[in-house]
There are 2 protein chains.
Amino acid sequence: MTKQTAYQQLCEHFKHLSKLSHLNSICGWDQATMMPDGGNQARAEALAELAVIIHEKSTRPEMEEWLQQAAQQNLNPMQQASLREMTRSWRNQTALPADLVKAKSLATAHCEHAWRDQRGANDWKAFQVNLQAVMQLAIEEAQIRADKTGLNPYDAMLDLYEPGMQMQRLDKVFGELQSWLPELITQVVAKQANWPTLSLNGPFPSEQQKELGLAVMEKLQFNFKHGRLDVSAHPFCGGVPSDVRITTRYEDEDFTRSLMGIVHETGHARYEQNLPLDYLDLPVGQARSMGIHESQSLFFEMQLGRSQAFVEQLLPLVNQHLCQQQPMQLEELKQHYLSVKPGYIRVDADELTYPAHVMLRYELERDLINQDIKVADIPELWDQKMQQYLGLSTKGNYRDGCMQDVHWPAGLIGYFPSYSLGAMYAAQFHAALVKAKPDTPQAVAKGNYDEVFAWLQQNIWSQASIYETDELVSRATGETLNTRYFEQHLRNRYL
Amino acid sequence: MTKQTAYQQLCEHFKHLSKLSHLNSICGWDQATMMPDGGNQARAEALAELAVIIHEKSTRPEMEEWLQQAAQQNLNPMQQASLREMTRSWRNQTALPADLVKAKSLATAHCEHAWRDQRGANDWKAFQVNLQAVMQLAIEEAQIRADKTGLNPYDAMLDLYEPGMQMQRLDKVFGELQSWLPELITQVVAKQANWPTLSLNGPFPSEQQKELGLAVMEKLQFNFKHGRLDVSAHPFCGGVPSDVRITTRYEDEDFTRSLMGIVHETGHARYEQNLPLDYLDLPVGQARSMGIHESQSLFFEMQLGRSQAFVEQLLPLVNQHLCQQQPMQLEELKQHYLSVKPGYIRVDADELTYPAHVMLRYELERDLINQDIKVADIPELWDQKMQQYLGLSTKGNYRDGCMQDVHWPAGLIGYFPSYSLGAMYAAQFHAALVKAKPDTPQAVAKGNYDEVFAWLQQNIWSQASIYETDELVSRATGETLNTRYFEQHLRNRYL
């Protein structure tokens with residue numbers, strides 16, 4: 001047998017890791033969708049054991065040497081991209097000392113577990129103590145990652161979810177949003193003030209909602225040979241690229257959220273299902289970033305799913321599956337999907353107010369990591385910013401304010417911006433698509449999405465992590481992230 | 001930290017293995033129940049990777065030393081039993097050289113895969129070549145296992161599924177059956193000759209069959225906090241003791257097979273769900289053997305499930321869930337479950353003819369491993385024995401004869417006897433229960449199974465692998481395996 005090059009050894013290594021990650025994905029999916037309560041302890045232990053094995057393999061001492069040697073090899077551009085992503089993956093997985101990993105795991109498990117009751121009890125005092133412990137470790141983590149990457153501490157955390165994105169740019173991006181979003185919200189709310197009160201003639205049995213969801217997934221060309229739809233408490237897209245598992249949650253009295261949730265997850269799923277087969281087992285073959293992943297789900301949900309053309313095609317399906325007795329009217333269904341109403345809860349927010357929720361969280365977590373503010377300052381700042389962006393006060397209401405999200409208790413710092421980056425990328429992609437194929441809106445109005453999916457396939461899905469995000473976006477749209485397209489889209493749709 | 005004893009190190013080792021085995025069970029269950037076709041290749045690769053990791057851990061060089069040292073430790077009786085089972089498990093997992101394991105894996109994968117088409121095509125000639133390769137390796141395997149255990153070759157294969165069972169005893173057991181079973185079958189067939197032709201007023205929608213199945217599982221005290229019911233092509237009981245996954249397959253026109261199949265798998269499941277919590281991660285905490293496992297499923301299906309008292313309680317549930325328009329009569333349902341008809345196919349066989357199918361297979365695989373017959377002799381011997389035991393000829397009909405089972409193509413030699421051992425143990429357990437608690441039949445007739453389950457819990461489920469099979473059976477029934485109880489049961493029920 002010829003001796004393998006360092007690059008080949010790295011490929012072998014990551015292929016092994018990918019198979020272990022497969023087991024983790026499927027057992028994690030099962031835990032959220034199928035597992036009875038009583039199975040949880042054994043499952044948690046089995047997944048923890050798997051995490052240890054993955055960590056041991058990821059940190060094996062040969063890795064650093066292989067990465068250095070491979071960097072000296074004569075690699076083609078694809079291999080160079082692959083090596084870049086292997087290096088990033090390895091650096092992210094091995095940056096932290098074992099004792100910090102363990103301390104973080106204990107602190108977040110404790111904080112998240114206690115949070116479930118504390119949120120219900122509106123008990124900020126008790127929660128604050130646990131969150132302080134988590135945040136202290138996050139500050140430590142950010143500093144260590146900063147030292148290893150040469151980035152600023154918060155940027156080093158961002159890099160875990162949105163490689164290449166930096167605070168300085170986010171400040172600019174959200175600064176732009178801040179200059180027009182609150183006013184736009186006010187205008188739109190005024191415009192919608194005379195809309196009729198929306199109601200639905202439920203109940204809508206889950207089985208029929210599921211049939212409708214499957215029909216819509218079919219329309220959106222979800223590949224059922226490589227995936228399925230199930231139910232979980234919190235909707236997600238999981239599994240592996242050759243077997244993508246999306247989930248939803250059916251509400252008896254309102255089918256509209258679950259249905260659009262399925263459209264959203266189908267966007268995530270089609271990205272995964274169309275990643276390049278030849279590189280599935282390597283970091284370069286994986287989705288580019290959380291922001292780009294969210295751009296695909298939001299392209300499906302917001303750019304496509306809430307468009308007049310798509311809602312028009314949704315209507316007969318809705319009436320066929322759920323409203324045979326009392327058919328819905330188009331205006332009614334449209335208003336369900338375009339109604340804007342500032343509210344306390346991020347996950348319930350509409351397209352227009354959602355970015356305000358993200359902006360607020362970004363500003364707070366940035367300042368927490370930079371130690372410009374303390375955990376104790378959060379409630380007051382939350383209230384101030386909610387008043388400023390959405391005109392709502394959360395004074396004393398921690399449950400629906402700063403205690404509503406699982407992200408911080410779970411130690412996920414740097415994740416929130418991905419949601420709004422995704423919305424902005426999606427608007428920019430859609431604008432580029434329409435510019436490249438001006439007859440797309442007409443085709444979509446006829447229920448023909450082939451051009452849309454071909455554009456996404458060519459420019460995003462097939463590109464995986466071959467390019468850094470800025471280059472991916474430039475190649476697809478001719479420029480890097482530009483908030484103008486998002487603003488334009490919102491003004492066009494809501495004003 | 002105090003230094004761990006060898007026994008403690010062994011416990012640690014097996015606890016790690018148990019967690020990996022958990023991942024294997026869940027991903028295997030998913031593969032059979034949930035996975036879309038397109039997910040199979042990646043799943044197979046991920047499970048193969050896991051198998052390699054489990055094999056590496058099982059064969060780590062310290063094991064032999066730990067086992068030897070632990071044998072010198074001052075262990076209590078429970079620890080001694082635990083060490084005995086650890087030793088057996090380790091010996092079975094490590095007996096074969098790596099090249100034989102690989103050759104076997106390739107030969108069985110090839111034989112089983114080709115068999116799927118060859119069976120349909122009735123192509124014995126092509127199948128024979130592949131089966132010869134599998135059988136040659138099985139003979140080699142049996143010899144190596146014999147050398148390591150001091151057992152005869154076929155006994156060493158039996159030991160994988162039914163530890164302690166030997167050819168000599170099986171010859172006696174099946175010899176006894178042979179002396180009365182064929183004649184009893186003839187008598188019962190004659191007695192049932194004037195039964196009306198059975199028919200069912202389907203179709204029976206799967207959803208309603210499932211509701212009925214769940215109601216029956218509830219009645220049999222399946223613990224839904226620690227398990228679930230799903231659908232797969234071939235019914236099985238999988239998962240882990242804290243999360244037992246049973247499956248069935250619904251036929252539109254006949255609910256009776258699926259329903260009794262659910263009763264059968266519930267028997268397996270309750271054994272798993274009631275293994276002793278303190279030892280779940282160790283070999284001593286696992287089910288005693290395949291035969292004892294089957295004794296629990298057959299206790300549920302045959303001793304309890306097809307009894308007059310149980311069918312009486314089944315009837316209103318069946319009528320409620322499936323036959324509201326045209327209620328079934330008790331006699332009708334009873335005849336579905338007690339009808340005896342010699343047939344070609346083992347998995348379709350009734351309680352009375354089933355052991356004949358097993359007896360035939362036992363005799364052939366025993367003689368194959370002992371090299372008294374060759375693979376080429378199988379069709380003729382199969383035909384002879386089918387004529388002798390069931391009065392049916394399989395001449396030229398390989399598909400419904402010697403090519404019907406997956407076991408041999410898959411390299412499972414020594415497994416078949418477990419099915420009938422299970423039936424015999426079940427009859428013996430039931431007799432012991434009625435002797436110990438003479439009022440059990442009256443309680444069962446009222447739908448009260450508490451005494452039944454308490455007996456199984458105390459004598460079988462809670463005992464796991466603490467005792468060798470003979471001792472387990474003796475402690476539960478006062479004697480080792482005795483075919484008289486099975487004969488008595490069949491005569492009482494069918495004559």
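The values are calculated or read from the model by the stated rules, or taken from the named source; none is laboratory data. In this text the structure is predicted, and so the values were computed from the model without any measurement. Don't worry about glycine lacking a Cβ; one is built from the backbone with ideal geometry, like all the others, and counts go over all protein chains shown. Keep in mind that these areas ignore ligands, DNA and RNA; they rest on the heavy atoms of the full protein, side chains included. Shrake-Rupley method; radii C 1.70, N 1.55, O 1.52, S 1.80 Å.
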I'd like the residues of the range B:9-28 whose 1.4 Å-probe accessible area shrinks by no less than 50 Å² going from the isolated chain to the full set of protein chains. B:Lys19, B:His22, B:Leu23, B:Cys27
List for the range B:187-233: residues with 30 Å² or greater reduction in accessible area, all protein chains versus chain alone, probe 1.4 Å? B:Lys225, B:Arg228
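Using a probe radius of 1.4 Å on heavy atoms only, what accessible surface per residue do you get for chain B? Whole Å² is fine.
On the way: 21430 Å² over 495 residues.
Value for chain B: 43 Å² per residue.
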Can you give the Rg and Dmax of the protein assembly as shown based on its C-alpha atoms, in angstrom? 32.3, 94
Size of charge dipole - the range A:1-137 - debye, nearest 20, with Cβ of Lys, Arg +1 and Asp, Glu -1, no other charges: 300 debye
For A:Met290, solvent-accessible area (1.4 Å; no DNA, RNA or ligand), Å²: 60 Å²
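Quick one: putting +1 on the C-beta of Lys and Arg, -1 on the C-beta of Asp and Glu, what dipole do you get for chain A around its Cα centre, in Debye to the nearest 20?
Numbers: 45 positive and 61 negative charges, 98 e Å.
It comes to approximately 460 debye.
Taking N as the number of residues in the range A:1-94, what value does Rg over Cα atoms divided by 2.2 N^0.38 Å take?
Details: Rg = 16.6 Å, N = 94, 2.2 N^0.38 = 12.4 Å.
That works out to 1.35 for the range A:1-94.
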Measuring nothing but label to label, 7 Å from Cα along Cα→Cβ, what are B:Gln143's distances to the other copies in nm, shortest first? 6.8
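Rounded to the nearest 20 debye, what is the charge dipole size of the range A:434-495 about its Cα centre when +1 sits on each Lys and Arg Cβ and -1 on each Asp and Glu Cβ?
On the way: 7 positive and 8 negative charges, 66 e Å.
About 320 debye.
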Out of B:Ser21, B:Met86, B:His55 - ranked by how far each Cα lies towards the positive end of the dipole of the range B:19-108, with unit charges on the beta-carbon of charged residues - the top one is B:Met86
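Nearest 100 Å², what total accessible surface is buried between chain A and chain B (probe 1.4 Å)? Could the numbers behind the result be given before it?
On the way: alone 22830 and 22780 Å², together 42900 Å².
Counting protein atoms only, the buried area is about 2700 Å².
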Can you list the copy-to-copy distances for A:Leu106, using a point 7 angstrom from Cα toward Cβ, in nanometres, shortest first? 5.0
Grab the residue from chain A whose Cβ hugs the A-to-B rotation axis most tightly, plus its distance in whole angstrom. A:Leu23, 3
Label model pair B:Gln166, B:Lys395: point-to-point distance (7 angstrom along the Cα→beta-carbon line) in nm is 4.1 nm
Span-like helix ranges in chain A, DSSP H, alpha carbon extent 27 angstrom or more, Kyte mean at least -0.5: A:6-33, A:124-149, A:167-191, A:417-436
One decimal, nm, nearest first: from B:Ala215 to the same residue in each other copy, label points 7 Å out along Cα→Cβ, the values are 3.1
Working with all protein chains in place, sort B:Leu198, B:Leu20 by solvent-accessible area computed with a 1.4 Å probe, largest first. B:Leu198, B:Leu20
Compare each residue of the range A:46-64 in its chain alone against the assembly with all protein chains, and report those whose accessible area goes down by 10 Å² or more; 1.4 Å probe, heavy atoms. A:Ala46, A:Glu49, A:Leu50, A:Ile53, A:Lys57
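For the protein assembly as shown, which whole percent of the accessible surface, found with a 1.4 angstrom probe, sits on carbon and sulfur atoms?
Values: 20940 of 42900 Å².
Ligands and nucleic acids excluded, carbon and sulfur give 49 percent.
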